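Report on the following structure.
Just so it is clear, none of the values below were taken in a lab; they were calculated from the coordinates. Quantities reported herein were computed from a predicted structural model and do not represent experimental measurements. Positions of Cβ are generated from backbone atoms using ideal geometry, with glycine treated the same way; all protein chains shown enter the neighbour counts.
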Amino acid sequence: MTRAAERAVALASDLCAWIDRLFPDADRGERLKGALEKRFGGDARAVTDKVCREIEAVAHDFSRHLALEYVADGSLVPDTEPPGWPPQDPREVRLRAGSVSQVTRHPDGVGVLALDGHDGVHIAAPYLRAAFALLRGARGVVLDLRRNRGGDPGTVTLVLDWLLGAQPTHVSDVIYRDRTRQWWTTGRLGDLAPPAQTPVSVVVGERTFSSGEGLAYHLQSRGRGRLVGQRTPGAADHITPVRLSRHVRAFLPEARVRDVVTATNWEGTGVVPDVPCAPAEALEAAIEYLSRG
């Protein structure tokens, strides 16, 4: 099949078929399909990267996560079943220390942990535990998520295990078409967890995404973190890769998150900071807040 043989109308149709199979919210999925069919149902243009970006723009009104990757050489083999995510390269995760980009202690006792992503928990856990140990005894903790693009929800739960304390806590449900998975903290990080009275600030912004947003949202819903910065993009769905055609790989929603406290999530709305602040000032504002405490 050549690139010219692939048309936008066919791509939209294939995408709608997978939405029927995977999308976690039937009503939202139907509205997304209707929007795609209305916009691309008669579109005979050849599929290009530009067409993929146009489809994404329509889809983002219904799912901020949905994305299309255009492969110019047409080397993809279309999937008949979702293949799942390939395993991470442990060497790459170790090179970036599990996305722990910075741990600092200020002279007044405030500690800062910058976490730029959620690598697989089985690889990232030693680096996170080392960061938690370095912050033991801090008078306050700033969790900097401004560059956190998300990743493994198991790593989110590990950070929550640290900040929420010794009692096991039901954090969220991830709801698929055919099953629901519960996420709980274990209560096993009591020796590293800061005391409940230790104040926490969480710095977020427009580059905080997916489970990076989720970590901030779950802390905010439990009153365990004061959020500082900008509203986040609002991507709460869990996604899976699917090769739609020889030229297009899609990243499609397959589950939605339900926070146990709010019974909802941040999809489309973003996580709203308690203290709105310009990006260049957010970290300093979060540190200053804790320093005054």
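Things worth noting here:
- Only Cα sites of the chain enter the Debye sum here, all with the same form factor; the resulting log10 I(q)/I(0) across q = 0.10 1/Å is -0.58, listed in q order.
- Tilt relative to the chain, helix 121-134 - C-alpha long axis, 0 to 90 degrees, to 10: 30
- The order of the peptides 176-188, 275-287 by mean Cβ neighbours within 10 Å, most packed first, is 275-287, 176-188.
- For the residues VAL156, VAL142, VAL100, a GNM of the chain with alpha-carbon springs under 10 Å puts the largest fluctuation on VAL100.
- Cα-projected label distance for ALA133 with LYS38, points at 7 Å along beta-carbon direction, nm: 5.7
- Here r is the Cβ-Cβ distance between ASP73 and THR269 and R0 is 45 Å; the resulting FRET efficiency, rounded to 0.05, is 0.70.
- Degrees between helix 49-59 axis and first principal axis of the chain (Cα, 0 to 90, nearest 10): 70
- Close amide H partners of SER172, meaning residues 5 or more places away or on another chain with modelled amide H under 5 Å apart, are TRP183, VAL260.
- With both labels modelled 7 Å from their Cα along Cα-to-Cβ, the GLN102 to ARG258 distance reads 3.9 nm.
- Sites ARG292 and ILE175, calculated FRET efficiency, Cβ-Cβ separation with R0 41 Å, nearest 0.05: 0.50
- Helix 279-292 and the longest principal axis of the Cα set of the chain meet at an angle near 30°.
- Gap separating the Cα centres of segment 161-199 and segment 61-77, nearest whole Å: 34
- Most mobile listed residue (PRO83, PRO194, PRO24) in the chain, GNM with C-alpha springs under 10 Å: PRO83
- Computed from backbone phi with θ = phi - 60° and the Karplus coefficients 6.51, -1.76 and 1.60, the 3J(HN,Hα) list for segment 68-76 is 10, 10, 8, 10, 5, 7, x, 8, 6 Hz; x is used for glycine and proline.
- Formal net charge of residues neighbouring ALA196 (Cβ-Cβ distance under 13 Å; K, R +1; D, E -1): +2
- 5 angstrom amide H check on ARG7, placed H, neighbours 5+ away: VAL47
- Global geometry of segment 151-235, whether rounded, prolate or oblate, following the gyration tensor of its Cα atoms and the 1.5 cut on a/c: oblate
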